[in-house]
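Questions regarding the structure given below will be posed in turn.
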Amino acid sequence: MSAVDFSPLLRTAIGFDRFARLLDGARIQSEAPAYPPYNIEVTGEDSYVLTMAVAGFGPDDIELVVREDTLHIAGKAPAGEGEARRYVHRGIAGRAFERRFVLADHLAVQGARIENGLLHVALQRIVPEALKPRRIPIATSAPPSGPSGQVTIDQAA
């Protein structure tokens, strides 16, 4: 996949540089190794679960860190892995990994748990009250006029 040139957009738009970085980061991430595999599931209108296959890793082997708008998940190889063991076939990868996920605005990590070799990370969009849509009531009677003929709105209503 080739890089996308956003310079025409960025010449006339202000504040979209974060969007350009996000798309460029997604392009780079798509070229990264696919280990470990993961799913992203929508569980509600504003909730998600990231499920990652981490067979052989325990809670102490995995580190989750949210920094700015990025979720970093890193796994270090389990202690004692491969020592004094001889495999005829080794299909379960136990190597260290690092995955990064860019989080949308107001998306927060609610918690994480390991169950049956799967890491589940719960995410919830928490929109501040000031950014939620609000209905503006419409007055049914004509508001009184101000001193210069301007329309004033009674704040007590």
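The values are calculated or read from the model by the stated rules, or taken from the named source; none is laboratory data. Nothing here was measured: the structure is a model prediction, and the numbers come from that model. Virtual Cβ from ideal backbone geometry, glycine too; neighbours counted across all protein chains shown.
Do the conditions hold for Ala108, that is, is it loosely packed, with under 13 Cβ neighbours inside 10 Å and at pLDDT 90 or above?
When the stated conditions are applied, Ala108 passes them.
Kindly check whether there is at least one residue in the stretch 53-62 that is outside any strand (DSSP E or B), more than 13 Å from the chain's Cα centre (by Cα), acidic (Asp, Glu) and surrounded by 10 or more Cβ atoms within 10 Å (Cβ to Cβ).
yes
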